[in-house]
């Protein structure tokens, strides 16, 4: 199935495929090197809608709805980072692509890092947007959703909360006030949890990476492996879901990486400022050469890693 929409003179198509017996929906546009856009939890490919046509000028862009999200199948299954990274690898192969630059937002950033760790030979660059997996801190509401009984609480409250939220947004717009993208996107994601299968997939995904103490998965102990992998981190300075400090610390630990912050943006800079977001990503693509890691080079990197990690730890101790 294909649905085509003209946006800013770029045709954005909604397409579907079957992968392992599951329906997978995705947006695609453009021609050229592949950009694979990976959305966050309780979100979908629509989170990229404003920036996607801008990114598609000179690139092929594919933005899937991850399993359990959006219009993709929501059957029970494995929603861990490793499973989602493997899904992306299989989707690339199914669509006829060998390698990609991954652009991951929030949970999608964690999935992108996991992909580059599992399949370095298929990863050309990393763009991490307000990324998970770089420290323990995360919004209290996400932590609370991991507690026992949260499924029932969400099921009972989603109708009234969604109705009140929509009324509040409509009222703000009527008086000419701007609705922050964070509020709109979180509300849109919350509304999808009315569906039982979608709610179960959301909780399975969330609990694989978060508990009540915070994020359970932290890639900090292996960020030094990003040497040779062009990496760009993008963050909204007003991010109330994952603090910008995560990006600042990660940049110090990832050799050759760079951090660009958006002073007036929250958790969704690609929605809040799509033109600057796309221009920054395109500039990064133009200024960097894609990684060409071979299996032999990756093996050597891992063999040398203990000495590199020990050296980094020693330097941090000296600075403390």
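Is it true that residue 108 is assigned by TED's automatic domain parsing to the domain that holds residue 293, under 16 Å from the mean Cα position of the chain (by Cα), under 22 Å from residue 184 (Cα atoms) and part of a helix (DSSP H, G or I)?
Numbers: assigned by TED's automatic domain parsing to the domain that holds residue 293: yes; under 16 Å from the mean Cα position of the chain (by Cα): yes; under 22 Å from residue 184 (Cα atoms): yes; part of a helix (DSSP H, G or I): yes.
When the stated conditions are applied, residue 108 passes them.
List the residue pairs whose Cβ atoms are under 9 Å apart, where the first residue sits in segment 245-271 and is on the phi > 0 side of the Ramachandran plot, the second is outside any helix (DSSP H, G or I) and surrounded by fewer than 17 Cβ atoms within 10 Å (Cβ to Cβ), and the two are 6 or more positions apart or on different chains.
Pairs found: 256/227; 256/228.
Of the residues 165, 184, 236, which is at pLDDT below 75 and surrounded by 17 or more Cβ atoms within 10 Å (Cβ to Cβ)? Give the derivation first.
Working: 184 fails: surrounded by 17 or more Cβ atoms within 10 Å (Cβ to Cβ); 236 fails: at pLDDT below 75.
Of 165, 184, 236, the one residue that is at pLDDT below 75 and surrounded by 17 or more Cβ atoms within 10 Å (Cβ to Cβ) is 165.
Look through 98, 46 and report the one residue that is part of a helix (DSSP H, G or I), surrounded by fewer than 23 Cβ atoms within 10 Å (Cβ to Cβ) and more than 11 Å from the chain's Cα centre (by Cα).
Values: 98 fails: part of a helix (DSSP H, G or I).
Answer to the check: 46.
Just give me the residues in segment 261-290 being in a strand (DSSP E or B) and buried (at least 17 other Cβ atoms within 10 Å of the Cβ), in sequence order.
Step one: of segment 261-290, the residues in a strand (DSSP E or B) are 261-262.
Once the filter is applied, which keeps residues that are in a strand (DSSP E or B) and buried (at least 17 other Cβ atoms within 10 Å of the Cβ), segment 261-290 yields only 262.
List pairs: first residue in segment 201-218 and part of a loop (DSSP other than H, G, I, E, B), second residue modelled with pLDDT under 85 anywhere in the structure, Cβ distance under 8 angstrom, at least six positions apart or on different chains.
Partner pairs satisfying both residue conditions: 212/143; 212/144; 212/146; 212/147; 213/143.
Could you grab the pairs with beta carbons closer than 6 Å, sequence gap of 6+ or different chains, first residue in segment 108-122 and under 15 Å from residue 98 (Cα atoms), second one part of a helix (DSSP H, G or I) and at pLDDT 95 or above?
115/85; 115/88; 118/85; 119/89
Just one of 66, 27 is outside any loop (DSSP other than H, G, I, E, B) and at pLDDT 95 or above; which is it? Steps first, please.
Values: 66 fails: outside any loop (DSSP other than H, G, I, E, B).
One residue alone meets the criteria, 27.
With the structure loaded, tell me whether residue 10 is touching a helix residue (DSSP H, G or I) at 6+ places or on another chain (Cβ under 6 Å) and within 16 Å of residue 108 (Cα to Cα) or whether it fails that test. So that I can check it myself, show each step before the final result.
Values: touching a helix residue (DSSP H, G or I) at 6+ places or on another chain (Cβ under 6 Å): yes; within 16 Å of residue 108 (Cα to Cα): no.
Taking the combined requirement at face value, the residue does not satisfy it.
The values are calculated or read from the model by the stated rules, or taken from the named source; none is laboratory data. This one's a predicted model, so the numbers in the text were calculated from it and none came from an experiment. Here the Cβ is made from the backbone with ideal geometry for all residues, glycine too, and neighbour counts use every protein chain on show.
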